[in-house]
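Step one of this worksheet: look at the structure below.
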Amino acid sequence: MREYELSPSLLSADFGYVMRDVESITPYCKFLHLDVMDGHYVPNLTIGVPVIKSIRKHSDLILDTHLMITNPEEFIEPFAEAGSDYITFHVECTNEPFELIKRIRDLGKKAGISIHPDTPAEAIYPFLEKGAVDLILVMSVRPGFGGQSYIPESTARIADYRKRLDENGSEAILSVDGGINVKTIKEAAGAGAKLLVAGSAVFGKENPGLAAKELYELIGVTF
Ligand code: DX5
Ligand code: ZN
């Protein structure tokens with residue numbers, strides 16, 4: 001991993017030409033963010049296991065699956081088998097987060113935990129301990145839709161988590177998701193987010209690869 005990585009969110013891609021869009025970013029990116037929504041935890045439906053399985057067949061990108069579903073415990077195995085590399089669930093959606101992390105890791109995958117912007121920041125403090133989890137996903141919009149504006153309070157939240165992760169010696173990747181674009185990426189990266197999810201600012205553009213390259217250059221990654 002370079003100092004910063006983008007994880008372009010497929011949600012904003014053209015699903016009729018999905019591999020064309022994935023291939024467009026492949027020369028620049030290492031990660032691909034896959035948003036799974038169930039119409040319960042969030043008021044929207046998106047992709048699931050079959051789409052991820054198909055993308056896995058055709059791409060070597062690191063598949064960063066973001067589960068926005070109320071019952072993540074029922075879907076860990078299918079999303080692991082589909083070929084996800086990271087499986088991230090929401091802290092709001094389970095009573096057994098540590099058990100879920102263990103199950104994800106036992107399947108040979110990296111485990112992530114995500115937090116809704118309306119949930120108190122402290123809710124994921126236990127996961128900032130060294131070794132507790134592999135990825136922390138800070139939602140900087142209310143989950144459910146692409147193209148929303150970055151919530152400014154997210155910056156302080158990222159900085160707080162960055163400080164605590166560093167103090168604890170945790171190597172978990174700090175990621176941010178929502179409203180990341182040419183105007184906000186420096187702020188989120190400056191606060192300490194290392195994996196920047198961007199949907200509309202990459203796949204919503206005419207040339208997703210070029211858009212990804214431009215975002216990288218703004219945070220000092222050059223090609
Ligand atoms: C929203 C999803 C995001 C979304 C981000 O609930 O989790 O990953 O695709 O889209 P942008 O970057 O357009 O805010
Ligand atoms: Zn997401």
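The values are calculated or read from the model by the stated rules, or taken from the named source; none is laboratory data. Just so it is clear, the model here is predicted, and its values are computed rather than measured. Using ideal geometry, Cβ is built from the backbone for each residue, glycine included, and neighbour counts are taken over all protein chains shown.
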So how many residues does the stretch 187-215 have that are buried (at least 18 other Cβ atoms within 10 Å of the Cβ), more than 15 Å from the chain's Cα centre (by Cα), within 15 Å of ligand 1 (Cβ to nearest atom) and not in a loop (DSSP other than H, G, I, E, B)?
-> 4
Is one or more of the residues making up the stretch 139-157 under 18 Å from ILE69 (Cα atoms), at pLDDT 95 or above, in contact with an Asp or Glu (Cβ under 9 Å, 6 or more places away or on another chain) and not in a loop (DSSP other than H, G, I, E, B)?
-> yes
Checked against (1) on the phi < 0 side of the Ramachandran plot; (2) small (Gly, Ala, Ser); (3) surrounded by fewer than 21 Cβ atoms within 10 Å (Cβ to Cβ), GLY108 satisfies every condition except (1)
Among ASP64, ASP60, which is within 13 Å of ligand 1 (Cβ to nearest atom), closer than 24 Å to LEU210 by Cα, modelled with pLDDT of 95 or more and under 18 Å from the mean Cα position of the chain (by Cα)?
-> ASP64
Of all residues in the stretch 13-45 being surrounded by fewer than 21 Cβ atoms within 10 Å (Cβ to Cβ) and of a type in the set (S, T, N, Q), which is farthest from LEU174 (Cα to Cα)?
-> ASN44
When the stretch 1-35 is checked residue by residue, the ones that are assigned to a loop (DSSP other than H, G, I, E, B), farther than 12 Å from GLY199 by Cα and away from ligand 2 (no atom under 16 Å from the Cβ) are MET1, ARG2, GLU3, TYR4, THR26, PRO27, TYR28, LYS30
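Of the residues THR222, THR155, THR184, which is within 30 Å of VAL18 (Cα to Cα) and either of a type in the set (Asp, Glu) or within 16 Å of ligand 1 (Cβ to nearest atom) (or both)? Steps first, answer last, please.
Working: THR222 fails: either of a type in the set (Asp, Glu) or within 16 Å of ligand 1 (Cβ to nearest atom) (or both); THR155 fails: within 30 Å of VAL18 (Cα to Cα).
On inspection, the qualifying residue turns out to be THR184.
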Looking at GLU171, is it farther than 18 Å from ALA13 by Cα and either of a type in the set (A, V, I, L, M, F, W, C) or in a loop (DSSP other than H, G, I, E, B) (or both)?
-> yes
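From the list ILE47, ILE113, ILE124, ILE101, pick out the single residue that is within 14 Å of ligand 2 (Cβ to nearest atom) and outside any loop (DSSP other than H, G, I, E, B). Show your work before the answer.
Details: ILE47 fails: outside any loop (DSSP other than H, G, I, E, B); ILE124 fails: within 14 Å of ligand 2 (Cβ to nearest atom); ILE101 fails: within 14 Å of ligand 2 (Cβ to nearest atom).
Sole residue among the options that is within 14 Å of ligand 2 (Cβ to nearest atom) and outside any loop (DSSP other than H, G, I, E, B): ILE113.
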ILE158 being in contact (Cβ under 8 Å) with a residue 24 or more places away in the chain, out of contact with any Phe, Trp or Tyr (no Cβ under 8 Å at 6 or more places or on another chain) and of a type in the set (A, V, I, L, M, F, W, C) = yes
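Condition test on SER84, is it touching a Lys or Arg at 6+ places or on another chain (Cβ under 7 Å), among the polar types (S, T, N, Q) and under 13 Å from THR65 (Cβ atoms)?
Values: touching a Lys or Arg at 6+ places or on another chain (Cβ under 7 Å): yes; among the polar types (S, T, N, Q): yes; under 13 Å from THR65 (Cβ atoms): yes.
When the stated conditions are applied, SER84 passes them.
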Output the qualifying pairs, or none if there are none: Cβ atoms under 6 angstrom, residues six or more apart or on different chains, first residue in the stretch 169-184 and farther than 15 Å from TYR86 by Cα, second residue in a loop (DSSP other than H, G, I, E, B) and within 15 Å of ligand 2 (Cβ to nearest atom).
-> GLY178/SER140; GLY178/VAL141; GLY179/SER140; GLY179/VAL141; GLY179/GLN148; GLY179/TYR150; ASN181/ALA201; THR184/TYR150
